[in-house]
Each structure stands twice: as C-alpha cells, then as structure tokens.
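See below for the structure under consideration.
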Amino acid sequence: MFFGSRTPEMVDPAAALPGRDQTMPVSPKHLVLGTTMTPPFPDNCEQLVVGMGCFWGAERKFWQLPGVLTTAVGYAGGFSPNPSYEEVCSGLTGHTEVVLVAWDNTLTDLDAVLRCFWENHDPTQGHRQGNDIGTQYRSAIYCSDQTQLDAAKASAVRFGEMLAAAHFDAVTTEIALAGPFFYAEDYHQQYLAKNPNGYCGIGGTGVSCPIGISGV
C-alpha cells in the first residue's frame, strides 16, 4: 500500500534490469556491534526492513538503538535480483535503499523500532529524501509477518495524524510484507563507522512519535 504518490515514477517491471544470480559477499561480522549480519539470527530475534532515504545514516540510527542485535544495508521492494548500487541508483531495478534491523525482543520491541523509523526521516516526500531524488530513496516498511504489517499500518495512521497537525503532507510510506532482501556491497555496510565524516542525509520532521504508536 502507498499513502499518496509522487514523481519520479517506478520502473515498469518489464523494463527492469535483469540483475544476476550471484549474491553480494559481505563481512560475517557487524563492524560496530560484532554480531552476525546474516541469518540465522537467534530465536529471540525479530527483524524488519525499512527504507528512509540514503541507507548510510539510517543504518547508524538503528545500530545505536538499545536492544538491536544487528543491522545491514541493502536493497528491497524492486524487481532485479542481486542488484548493484549503481543499478539501484539508476532507478531501473525498482528497489529502495533499506536497512535490515534485527533486535532482541526481550530487550526492545517493534514500537521502539517503528518510532526510530518515523522520527528520523520525512515520510511525506514520495520518491525522495531532501535533495536525494529517485525511487531508490522512497520511504518503506517491509514486514516479516501479518502482525508486523498491521502494526506498521496502524503506526502510519497515528503518526500521519500528528504530521497533519504539524502541517505536513500525507504519509507516502510504502508498507508491505517483505520480499527478498539483497545485501548491498560490503563497503556500504556500517559506512559511517568506516567513514565518520561521510555523507549522512538523515533528518526527521521534528514531530515526535507517541508511545505505543503501533496500537497493536
């Protein structure tokens, strides 16, 4: 589902790049947290995939969140298997830049992850975040199951009401059950830990998210 729509337009699946069979090799351990970046994750883990514009700054927000076990950046929501960064940035794969977030559900919960998501970008901009323009920068939540999906949709409604009260446009976030998550190239993983002065396009609206935003 979309809450509204903006240009530029999504590539037609028939015109998408072919992608490839080979998966992207990544480091086995998270540079900051020291945990695995790839499944299987522990039984007490839950995971969500979110898009908030450029994934470098977005990933850092989540690895700093208490209770998060691991994070990884990648591509989701598109049509081309195992795309490269350059292919995603062309707009011809249909993917958005995303962060996979896995957390220990005995230490934190979905509400905290959703609150971090909503408060740290502008979910009203359609296919862009600030000066970063393209379908690869669209806001998105890709859920692991129906319970997460219901919670994410409820949170979008509640936060959308708060944004409207602050005179923002309607929420344009794509919310759906997760399809394939493709890991980005290893140099993108924990990019701002490797490059402390690197570009971080992350920025919120200044609207605070309420406690229990999912309503579920």
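The values are calculated or read from the model by the stated rules, or taken from the named source; none is laboratory data. Owing to the predicted nature of the structure, the values given are computational and were not obtained by experimental measurement. Using ideal geometry, Cβ is built from the backbone for each residue, glycine included, and neighbour counts are taken over all protein chains shown.
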Task: Considering residues of segment 181-206 that are in contact with a Leu (Cβ under 8 Å, 6 or more places away or on another chain) and in a loop (DSSP other than H, G, I, E, B) only, the residue farthest from GLN47 (Cα to Cα) - done: GLY198
Task: Scope segment 61-97; condition without any contact (Cβ under 8 Å) to a residue 40 or more places away in the chain and in a loop (DSSP other than H, G, I, E, B); matching residues - done: GLN64
Open item on the list: Which count do you get for residues in segment 143-178 that are polar (S, T, N, Q), free of Cβ contacts under 8 Å to residues at least 60 places away in the same chain and either surrounded by 22 or more Cβ atoms within 10 Å (Cβ to Cβ) or touching a strand residue (DSSP E or B) at 6+ places or on another chain (Cβ under 7 Å) (or both)?
Closed with: 0
Task: Filtered residue count, segment 47-62, keeping only those that are more than 13 Å from GLU97 (Cβ to Cβ) and either aliphatic (A, V, I, L, M) or at pLDDT below 95 (or both) - done: 1
Open item on the list: Given the options ALA58, ALA140, name the one that is under 25 Å from ALA166 (Cα atoms), outside any helix (DSSP H, G or I) and either in contact with a Ser or Thr (Cβ under 9 Å, 6 or more places away or on another chain) or touching a residue at least 24 places away in the same chain (Cβ under 8 Å) (or both).
Closed with: ALA140
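Inspect segment 39-49 for any residue being among the polar types (S, T, N, Q) and more than 17 Å from the chain's Cα centre (by Cα) and give the result as yes or no.
Going residue by residue through segment 39-49, those that are among the polar types (S, T, N, Q) are 44, 47.
Restricting the remaining residues to those that are more than 17 Å from the chain's Cα centre (by Cα) gives 44.
Yes: one or more hits.
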TODO: Considering each residue of segment 143-180, count those that are of a type in the set (D, E, K, R) and in contact with a Leu (Cβ under 7 Å, 6 or more places away or on another chain), and give that number.
DONE: 0
Task: Residue pairs meeting the criteria (Cβ under 9 Å; at least 6 apart or on separate chains; first of a type in the set (Val, Ile, Thr), in segment 7-32; second in a helix (DSSP H, G or I) and surrounded by fewer than 17 Cβ atoms within 10 Å (Cβ to Cβ)) - done: VAL26/ASP186; VAL32/ALA193
Open item on the list: If I ask for residues that are over 13 Å from PHE55 (Cβ atoms), buried (at least 19 other Cβ atoms within 10 Å of the Cβ) and β-branched (Val, Ile, Thr), which ones from segment 72-131 would you list?
Closed with: THR93, VAL113, THR124
- [ ] Pull up segment 1-46, narrow it to residues that are under 19 Å from GLY77 (Cα atoms), surrounded by 12 or more Cβ atoms within 10 Å (Cβ to Cβ) and touching a helix residue (DSSP H, G or I) at 6+ places or on another chain (Cβ under 9 Å), then point me to the one that is modelled with the lowest pLDDT.
- [x] PHE3
